[in-house]
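Student: Here's a structure for you.
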Amino acid sequence: MTLGSEHQRTSSVARRELVSWALYDFANSGYTTVIMTTIYSAYFVGVIAVSTQDISPGMPTLLWSIAIGLANFVVMIAGPVVGVLADHQARKKVFLFISSVGCVISTALLAVVGPGEVLLSMLLLTLSAIMFSQGENLIAAFLPELVPKEKMGRLSGYGWCVGYLGGLLTLGCCLWI
């Protein structure tokens with residue numbers, strides 16, 4: 001592909017595609033803000049894992065870290081494979097949809113986990129984190145198709161900014177409810 005054809009390809013991208021790309025981060029950032037950083041992590045450590053009999057101090061945090069570490073390990077191994085499959089089959093949107101739905105379902109199921117249900121919580125947390133991370137990898141793969149290399153930082157920055165807004169709004173809604 002020549003430089004001219006690349007410019008022609010990226011200049012023909014509709015503005016709504018750029019906005020949609022950034023809005024994915026808006027919607028997705030609520031997960032990291034509410035589940036990973038604030039509410040669910042505190043609920044897991046302070047309620048779910050503490051309710052288990054004979055648990056030693058620090059064990060709830062260790063269990064949380066194990067679930068997240070396992071998810072990251074799986075993504076480290078599976079991420080490149082998923083990326084190759086999505087690219088080779090030209091089905092990035094399908095893979096992105098599957099990872100998004102998987103994250104939504106496994107995250108929603110975290111709501112039914114109660115005190116003492118450590119293994120179920122860890123399983124759902126690990127699955128949701130894997131699906132979330134796969135979605136992040138896949139959405140990033142669209143960036144070179146949307147803008148030329150010299151504009152990637154700008155679009156990525158917009159996504160990051162909109163993502164923070166989405167995360168804060170999600171957290172605000174959760175705290176309000």
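The values are calculated or read from the model by the stated rules, or taken from the named source; none is laboratory data. Bear in mind that the values here come from a model prediction, so they are computed numbers and not experimental data. Note: ideal-geometry Cβ built from the backbone for every residue, glycine included; neighbour counts use all protein chains shown.
Student: Go through the range 22-53 and report how many residues are among the β-branched types (Val, Ile, Thr) and either surrounded by fewer than 15 Cβ atoms within 10 Å (Cβ to Cβ) or more than 30 Å from Ala140 (Cα to Cα) (or both). I'd like the intermediate steps shown before the answer.
Tutor: Going through the range 22-53, the residues among the β-branched types (Val, Ile, Thr) turn out to be 32-35, 37-39, 45, 47-48, 50, 52.
Checking which are either surrounded by fewer than 15 Cβ atoms within 10 Å (Cβ to Cβ) or more than 30 Å from Ala140 (Cα to Cα) (or both) leaves us with 37, 45, 47-48, 50, 52.
So the answer is 6.
Student: Then there's this: Restricting to the range 132-177, name every residue that is part of a loop (DSSP other than H, G, I, E, B) and out of contact with any Asp or Glu (no Cβ under 7 Å at 6 or more places or on another chain).
Tutor: The initial filter retains those residues of the range 132-177 that are part of a loop (DSSP other than H, G, I, E, B), namely 141-142, 147-148, 177.
Within the range 132-177, Ala141, Phe142, Val147, Ile177 qualify.
Student: Still on this structure, I have one more. Among the residues that make up the range 110-131, is at least one of them within 17 Å of Leu23 (Cβ to Cβ) and either assigned to a helix (DSSP H, G or I) or without any contact (Cβ under 8 Å) to a residue 12 or more places away in the chain (or both)? Let's see the steps before the verdict.
Tutor: Narrowing the range 110-131 to residues within 17 Å of Leu23 (Cβ to Cβ): none.
So far as the range 110-131 goes, no, none of its residues is within 17 Å of Leu23 (Cβ to Cβ) and either assigned to a helix (DSSP H, G or I) or without any contact (Cβ under 8 Å) to a residue 12 or more places away in the chain (or both).
Student: I would also like to ask the following. Which is farther than 17 Å from Tyr31 by Cβ and modelled with pLDDT of 95 or more, of Phe142, Phe95, Phe132? It would help to see each step written out before you state the result.
Tutor: Working: Phe142 fails: modelled with pLDDT of 95 or more; Phe132 fails: farther than 17 Å from Tyr31 by Cβ.
Only one candidate passes the filter, namely Phe95.
Student: Further, regarding this structure: Among (1) in contact (Cβ under 8 Å) with a residue 60 or more places away in the chain; (2) under 16 Å from Gly135 (Cβ atoms), which single condition is Ser51 missing?
Tutor: With (1) in contact (Cβ under 8 Å) with a residue 60 or more places away in the chain; (2) under 16 Å from Gly135 (Cβ atoms) applied to Ser51, the lone miss is (2).
Student: Here's another thing I want to ask about it. Only one residue in Ser56, Ser99, Ser121, Ser133 is over 30 Å from Leu146 (Cα atoms) and surrounded by 12 or more Cβ atoms within 10 Å (Cβ to Cβ), so which one is that?
Tutor: Details: Ser56 fails: surrounded by 12 or more Cβ atoms within 10 Å (Cβ to Cβ); Ser99 fails: over 30 Å from Leu146 (Cα atoms); Ser133 fails: over 30 Å from Leu146 (Cα atoms).
When all the criteria are applied, what remains is Ser121.
Student: So Tyr164 clears everything in (1) surrounded by 20 or more Cβ atoms within 10 Å (Cβ to Cβ); (2) within 21 Å of Ser29 (Cβ to Cβ) except one condition, right? Which one?
Tutor: For Tyr164, the failing item is (1).
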